[in-house]
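Below is one structure, written out as structure tokens; the observations come after it.
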């Protein structure tokens, strides 16, 4: 009888230990990027979905862009794990590297999250859904299953939700553009800019709900960030309103309600995704996983 009791006690301890040591496995990562969403906007914006993500996860409002604080240079850095000096996309609208990439992968591009996932886990479902057509030049199309350029953020949120529920992607990048449009047309920090931010928050809520409806929330990490902020009607220079971007991560294995004090660069996003999906990081990447966000 004593042996049985000892065995049951040991079994219970081991069960508890396994729960603590082995958190729910991450099978899906959804990267949501909002064009032109400066971190400064968090002071005034009504963004319940993003604030809920902050409470449920880890976050920083002091992450930084690479220089220049422009679109293509930063969207490329975000998924390529390094800056323009290495991947070669140096301008707002680069459609190909403006200088030779330091190395090329099997797709003839600088190594990216997409390519690493396809190479190491070839059966993965990988998608890119984007508003700005310039995104289409920043990923290897042969490496993804779903490549969709939609018109307007309402269409983007709808397409992303449909894709998540139908295909349950292992990695999906969703690009939203409304905030950047308001910044360029009306101006950063204007009532119209904050209205666009609030619409974007609602779209994020739609995407988050689709993850629940797909039944994959317990295995999904969601990461929200931006390519740059802005000043007046532009961006691309070196002010903090242009260079400081939000970085919020939520999901299994992520600390809750934790502000990250460590430095985050936009190319650390790729390294963090690689860490979550258990991918190796190419030697040429300079990005580091944001370990302080992870349990």
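Overview of results
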quantity	calculated
Order of 31, 279 - criterion: other Cβ atoms within 10 Å of each residue's Cβ, fewest first	279, 31
FRET efficiency, residue 104 to residue 147 (Cβ-Cβ, R0 30 Å, nearest 0.05)	0.90
Burial order of peptide ranges 91-98, 48-55, 67-74 (average beta-carbon count within 10 Å, highest first)	67-74, 48-55, 91-98
Protection-proxy order for peptides 237-250, 155-168, each taking the mean of Cβ atoms within 10 Å per residue, highest first	237-250, 155-168
Segment residue 119-residue 240, extension gain: residue separation times 0.36 nm, minus the distance between their alpha carbons	39.8 nm
For the chain: rounded, prolate or oblate by the Cα gyration tensor [a/c cutoff 1.5]	prolate
Considering only the chain, percent of DSSP beta bridges that pair antiparallel, nearest 5	30
Overall form of the range 68-141 per C-alpha gyration tensor (a/c, 1.5; a/b vs b/c)	oblate
Proxy reagent accessibility, fewest Cβ within 10 Å first, across 154, 135	154, 135
For the range 197-264: rounded, prolate or oblate by the Cα gyration tensor [a/c cutoff 1.5]	oblate
Highest average packing first - 281-289, 170-178, 57-65, Cβ atoms within 10 Å	170-178, 57-65, 281-289
Residues 90, 200, sorted so that the one with the fewest Cβ neighbours within 10 Å comes first	90, 200
Computed [θ] at 222 nm, helices only, for the chain once each DSSP H run of length n ≥ 4 contributes -39500 (n - 2.57)	-11500 deg cm²/dmol
Whole-Å distance, taken between Cα centres, linking the range 87-136 and the range 189-207	28
Mean Cα-pair separation over length for the chain, i.e. relative contact order, pairs under 8 Å, 6 or more apart, %	33
Simple label model, 7 Å out from Cα along Cβ direction - residue 186 to residue 263, nm	3.6
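Since every read-out is calculated from the coordinates, none of them should be taken as a lab result. This structure is a prediction, so every number in the text was calculated from the model and none was measured. We place every Cβ from the backbone using ideal geometry, glycine too, and count neighbours over all the protein chains shown.
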